[in-house]
Amino acid sequence: MSKFIEKSTVISGVGQSAIGRRLFRDPLELTLDACLAAIEDAGLTTKDIDGVATYPGPMSVPPGFSGAGVVDVQDALRLELGWWSGGIEAPGQLGSVINACLAVAAGLANHVLCFRSVWEGSAQGTKGRASTMPGGGGGGSFRASGFMEWTLPFAAPSAAPWIALMAQRHFYEFGTTREQLGQIPINARKNAALNPNAIYTDPMTMDDYLNVRMVSSPLSLYDCDVPCDGATAVIVSHVDTIPDLRKPPVHVEAVGTALRGRPSWDQFDDLTTMACRDAAAQLWGRTELTAADVQLAEMYDGFSFIALAWLEAMGFCGHGEAGPFLEGGQNIARDGGVLPLNTHGGQLSAGRLHGYGFLHEACTQLWGEGGARQVPGHPEVGVACAGGGPLAGALLLTSHR
Amino acid sequence: MTETASTEPAVPFRILPALTDLNREFWTAGARGELRFLRCNACGYYNHPPTPVCPRCHSKDLAPHTVSGQATLHTYTVNHQAWMPGPELPYVIAIVELPEQEGLRLTTNIVNCAIDDLAIGMPMQVTFEHHTDGEDEIYIPLFEPEA
């Protein structure tokens, strides 16, 4: 066996609840819908599930950011667990899945149910994202502390300006343009049109992109993902259980979790990249495969620029070269591109399922279950990458070993 | 709410920082026109955001130290979204880098500069915006083009 123990784990099933802009449904119900769908997809029952992992665990603020914690699901499904973990301090949202891989490889559990559940669409209602900002957009006696102490007093409460600052620096150093960055949301929208669960499916042209209102330059409305309601679940299983599974699983070939720079949106050593730089480098040190082997990439696009940073970090183009790589959009096209990107529409058009949507889509594609949006040519190697700024976790996946 | 004395010009609403022993000098030394960072007396490292132990040499002998107030515009964004009641839209959020130490940066707002005149790399200098809130006299460090 390889010394890299994640290779002894697989993704055996995935599941999703209904997904919508605002569903006004009980978030635990959405969570359980996704969990039960994933268990069934793997060909397992709740009696087989002996581990649970989630990100970020129960949280009441910001509103709708978390639909359930581990114990909510453990009790609701009366699970008997050998291992469990939930929390926000992890290498990105998929850090919870990577934790599950380690627990399975360590023998603490055989089948770990991992989930991420959001209801930000309903929670924000008609009040918009500003209502979720610290201080509630109102102020009063609220004082900023923690890491927000260094941004809130400057009216920068959102990741939109934080990421915009990085994008602007990238534009400055490398000559990246809005037309190049815009290929990420345009590509996402094109793919979303083929995804029956996507939020936004109307065609988007470059003119649409360039003319929509600015949020924080150079990021416009279409560079920001769309809050939604929905839950996603995946099952991490041990390779020894493959005979018990309904279908050949997706293999975890390598993971990346590193955080080597400062965990800060303004003190990080190089603001043209993020923690993804280190997580990606670590991942490639744990496999014989290379970036040239990857046939599809599902990469976090909470803001378009984060996906650009992941493209560079994972070595699909050089550092600073994502602009030319994205030019015209052909390289990332689902049909015929060298690296089909965000084939379900990403969070930009398919909804802010917060990291787990990318892993769900990578597995769906590697199983050949993408339906109208299936990447042609039976892709066998894909990546799922999640997190921006100081958060970064990545999985390299293969359809067989 | 921030109270503004009627004899002073009105200042825009800001969410103010909670003051602690570690950050008090940073947020209040503007009263004397000074920008101060916690610095390690043992090795000279500016420790920002401030923590009780020097990240470089692990000394606990740290004290506020006044810097020049000069900086370079490292990056900026013109913000058009009303996240909170505050400065008129659009306003400029920036990261400036201080000459005293490589990588020592602040997120801030740029004032007294037309948006079209902004250029990454341009020299900036600190200016302070005064807020009174209860017992606290807080001076928010903002940056403007160097005179």
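The values are calculated or read from the model by the stated rules, or taken from the named source; none is laboratory data. Owing to the predicted nature of the structure, the values given are computational and were not obtained by experimental measurement. No Cβ is skipped: glycine too gets one built from the backbone with ideal geometry, and neighbour counts run over all protein chains shown.
Just a few scattered comments:
- Failed item, numbered, when A:Gly285 is tested on (1) surrounded by fewer than 19 Cβ atoms within 10 Å (Cβ to Cβ); (2) of a type outside the set (S, T, N, Q); (3) within 24 Å of A:Ala53 (Cα to Cα): (3)
- Qualifying strands (runs of 3 or more DSSP E) (wholly inside segment B:15-108; at least 3 residues being β-branched (Val, Ile, Thr) and at the interface with another protein chain (Cβ under 8 Å from one of its Cβ atoms)): B:70-79
- The numbered conditions (1) in a helix (DSSP H, G or I); (2) of a type in the set (Gly, Ala, Ser); (3) at pLDDT below 95 are all true for A:Ala167 except (3).
- Restricting attention to segment A:31-87, the residues that are of a type in the set (A, V, I, L, M, F, W, C) and assigned to a helix (DSSP H, G or I) add up to 12.
- Pairs where the first residue, in segment A:23-49, is closer than 19 Å to A:Pro63 by Cα and the second is part of a helix (DSSP H, G or I), C-beta under 6 Å, 6+ apart: A:Phe24/A:Ser122; A:Leu28/A:Asp72
- Test for A:Leu44: is it of a type in the set (A, V, I, L, M, F, W, C), under 20 Å from A:His360 (Cβ atoms), surrounded by 14 or more Cβ atoms within 10 Å (Cβ to Cβ) and touching a helix residue (DSSP H, G or I) at 6+ places or on another chain (Cβ under 6 Å): no
Here's the yes/no breakdown for (1) without any contact (Cβ under 8 Å) to a residue 40 or more places away in the chain; (2) in contact with a Pro (Cβ under 6 Å, 6 or more places away or on another chain); (3) of a type in the set (A, V, I, L, M); (4) in a strand (DSSP E or B):
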site: A:Leu194; (1), (2), (3), (4): no, no, yes, no
site: A:Thr201; (1), (2), (3), (4): no, no, no, no
site: A:Pro227; (1), (2), (3), (4): no, no, no, no
site: A:Gly230; (1), (2), (3), (4): no, no, no, yes
site: A:Ile235; (1), (2), (3), (4): no, no, yes, yes
site: A:Glu253; (1), (2), (3), (4): no, no, no, yes
site: A:Pro263; (1), (2), (3), (4): no, yes, no, no
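- Residue satisfying all of: in segment A:153-185; within 18 Å of the chain's Cα centre (by Cα) and hydrophobic (A, V, I, L, M, F, W, C); nearest to the other protein chains (Cβ to nearest Cβ) among these: A:Ala160
- Residue count for segment A:62-97 satisfying the condition of being over 20 Å from the mean Cα position of the chain (by Cα) and either small (Gly, Ala, Ser) or modelled with pLDDT under 95 (or both): 2.
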